[in-house]
Structure formats: C-alpha cells, structure tokens
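Notes for the one structure printed next.
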Amino acid sequence: MKILFSLLFTLILAAQALFGADEPASIAIKNKSSFNPDAGTRNPFWPIGWKATGKVASGSGGTNQGEVPAGAFVVSTITVDGGTHFAIINGKSMQEGQQFGLQIGTQIYQVMVKRIEDGQVVLARHDQEIVVPLRRK
C-alpha cells in the first residue's frame, strides 16, 4: 500500500511538472550601463601612477601628424650578432629597416627602426630621430 501511494504521488507531481508548468517571465533590461571614456582621459581601472605605453598597431593605415614621444617605446631586449641586429620594441620583435605603426590613443604613427646599437635603439619618423635606451631592471 505504501509503495502504491508513493508511486501515485510521484506520478501526480511529474504530471503537474510536465503539463502545468508555466514558462518563467523574461527579464527586461531598462537601462543598460556603459563606459565610454574620451580618448585623452585616464582609464580609472588602471593602477594609480601607471601610464600606458604605445602599442604596435597591426594595420598599416592611419594618420601621420605630430611628434612621437620617446616614452611611448619600451625596448626590452637587444640582440647584436654579426650582421643581424634584433630588438624587442613594445613586445614585438623588430630588425633594422623595419617599419611599423605605433598607436597612441586614436593616432597611428608610422615609425622605422633606423639602427639597433648595443644598449639603445634609434627610431626614425620623418625628420625626427628618437633614441630609446634598453630598459634594464
């Protein structure tokens, strides 16, 4: 008798779940928040005192106005071996004569690696020459 009662009770609950279940109400978003800072403002999520360096742009297009600050470049490694000279500039491997785009904010500057010397890299942009020393820890 107990088994029959528990089986019947289970079937009644299952039938209510299958046939009488209403779909839950969907949640409608009234106001979607967003965060769109201006190009010249500091990101409030960066640590205090931290300054962003320029990043190497993947595209070749862009504008060529203004001067490029030397602080936009970080030279972390220099390899001088015989006739080949390589340097890691802003996290990308570069060699002498290579051109790349540097993005600062919305501006993209075209820069060329002029010379890689022991302890520093000389970059060229139009008539501007930028000497970036090797960052030593």
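Observations on the structure shown:
- The set of residues in region 87-120 that are over 24 Å from the mean Cα position of the chain (by Cα) and not small (G, A, S) comprises E96, K114, R115, I116, E117, D118, Q120.
- Every listed requirement among (1) at pLDDT below 75; (2) assigned to a loop (DSSP other than H, G, I, E, B); (3) surrounded by 10 or more Cβ atoms within 10 Å (Cβ to Cβ) is met by Q16 save one, (2).
- Pair list, Cβ < 7 Å and 6+ apart or interchain, from region 83-94 residues that are under 18 Å from A124 (Cβ atoms) to residues that are small (G, A, S): F86/S93; N90/G54; M94/A87
- Looking across K114, K92, one residue alone is in contact with a strand residue (DSSP E or B) (Cβ under 7 Å, 6 or more places away or on another chain), among the charged types (D, E, K, R), at pLDDT 85 or above and loosely packed, with under 13 Cβ neighbours inside 10 Å. It is K92.
- Subset of region 61-77 [crowded, with 18+ Cβ neighbours inside 10 Å, at pLDDT 85 or above and out of contact with any Ser or Thr (no Cβ under 9 Å at 6 or more places or on another chain)]: V75
- Meets criteria (closer than 15 Å to E67 by Cα and either open to solvent by 50 Å² or more (accessible area, probe 1.4 Å) or small (G, A, S) (or both)) for T106: yes
The values are calculated or read from the model by the stated rules, or taken from the named source; none is laboratory data. Here the structure is a predicted model, which means the values were calculated and not measured. Every residue, glycine as well, gets a Cβ built from its backbone with ideal geometry; the counts of neighbours run over all protein chains shown. Heads up: the accessible areas ignore ligands, DNA and RNA and are worked out on the full protein's heavy atoms, side chains in. Shrake-Rupley method; radii C 1.70, N 1.55, O 1.52, S 1.80 Å.
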